[in-house]
Structures are given as structure tokens and as C-alpha cells.
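**Q** Before I ask anything, here is the structure I am working with.
Throughout, read-outs are computed from the coordinates displayed, never taken from laboratory work. Just so it is clear, the model here is predicted, and its values are computed rather than measured. Every residue, glycine as well, gets a Cβ built from its backbone with ideal geometry; the counts of neighbours run over all protein chains shown.
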Amino acid sequence: MELKQLYAEIINEHNLNPSHRGQIKNPSMELRGVNPSCGDNIFLQIEFEDDKVKDAVFNGSGCAISQASVDMMCDLIIGQKKSEALRLSKIFNSMIQGTASEEEIESLDEASLLKDIAHMPARVKCAVLGWKTMEEMLLSDKKTSCASESCDGKNCPLRKNSGE
Ligand code: ZN
């Protein structure tokens, strides 16, 4: 139980004092991600240097899980290659689905603390929001997205593939 409390505290800390909340002046890519079922709304920006993530920040609002998860994700992907960021995102997803191996989960560092979300279906979308947004952004091969608060991400006029 003590361990569980520690997890809760770390998640809380990322939520209250996120290390990567902010804005990048010249992002290489940016995308808004929305989880309407909870009201989570984040705007993710990444700056690349060659093939590596030089900086990753987010903005927006949402529940503690969504905010902590995206903050942990930024921690993890800064300094990584695009391909590695995508690999970690895949692992995070399989962890949330309960199919990742112990070894894979360990490679997620602090984000591994969110693995119990697999048993909380209502919070799954909160936990994966940042990761899903990052994945969509990296795979879209497109620089910009809509910075508009009212944009729901999915139907963004600037997105190349808005289809599900
Ligand atoms: Zn949420």
C-alpha cells in the first residue's frame, strides 16, 4: 500500500508541478489532442534537432492522469530519436492494455507508474491522450496543426488525415 501511495504522490507531483508545461517558439510539430469523455485538452509541441527530440512541451487542461501522463511522456522522449519515441508510445499503449512485458514496462521509467490504469477503463483515454497525440503527430509527417482552443484535433482543418 505504501508503494501505491508513492505512485499517487508522483502522479500528483507531475500534475501540480509539471516539468514540461510551456510553449516552444519554433516547434517542428504541434498538435492538439482532446479527450471529450473527460474534458482533457492538450496542445503538444515538439522541436526536433536532426532526428532527435530536442524539446517537448504541452499546454492545456485536464485531469491529473492526463496531465501527469503527458508530462512523464515529455520527460521520456526528450533526447530520443523519432523512432524510439514511437516505440515507447507503442509500449505505453500495450501497458495500458495489459499486454506489455515487465521489461518493456520498465523502459517507460516513471510513466510505468500508470500501468494500473489498465484496470480503470474510464481513465484509459486520459492516460493515453498525450501519447496518442504524439504518435499521430509523428506519423502525420506534417509540421503544423491548429492551435485553436476550440479545435477538437480530430476534425482539425489543418490535418491531412482526419479520418478514423
Ligand atoms: Zn481525464
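**Q** Take the range 64-80 and flag every residue that is in contact with a strand residue (DSSP E or B) (Cβ under 8 Å, 6 or more places away or on another chain), surrounded by fewer than 22 Cβ atoms within 10 Å (Cβ to Cβ) and closer than 20 Å to GLY33 by Cα.
**A** Passing the criteria: only ILE78.
**Q** Something else: Name the residue that is farthest from GLU110 (Cα to Cα), counting only residues in the range 45-86 that are touching a Cys at 6+ places or on another chain (Cβ under 6 Å) and not in a loop (DSSP other than H, G, I, E, B).
**A** Once the filter is applied, the top-ranked residue is ALA56.
**Q** Listed residues SER83, SER61, SER28, SER37; which is farther than 24 Å from ALA118 by Cβ, surrounded by fewer than 23 Cβ atoms within 10 Å (Cβ to Cβ) and within 16 Å of the ligand (Cβ to nearest atom)?
**A** SER61
**Q** So which residues in the range 86-105 are among the polar types (S, T, N, Q) and surrounded by fewer than 18 Cβ atoms within 10 Å (Cβ to Cβ)?
**A** Correct list: ASN93, SER94, GLN97, THR99, SER101.
**Q** Please state which of the following conditions ILE78 fails to meet, knowing it meets all the rest: (1) out of contact with any Phe, Trp or Tyr (no Cβ under 9 Å at 6 or more places or on another chain); (2) within 16 Å of the ligand (Cβ to nearest atom).
**A** (2)
**Q** For the range 31-55, which positions are in contact with a strand residue (DSSP E or B) (Cβ under 7 Å, 6 or more places away or on another chain), farther than 17 Å from ILE11 by Cβ and in contact (Cβ under 8 Å) with a residue 60 or more places away in the chain?
**A** Within the range 31-55, LEU31, ARG32, GLY33, VAL34, ASN41, PHE43, LEU44, ILE46 qualify.
**Q** Any chance the range 36-44 includes a residue that's of a type in the set (S, T, N, Q), under 20 Å from VAL124 (Cβ atoms) and assigned to a loop (DSSP other than H, G, I, E, B)?
**A** Taking every residue of the range 36-44 in turn, at least one turns out to be of a type in the set (S, T, N, Q), under 20 Å from VAL124 (Cβ atoms) and assigned to a loop (DSSP other than H, G, I, E, B).
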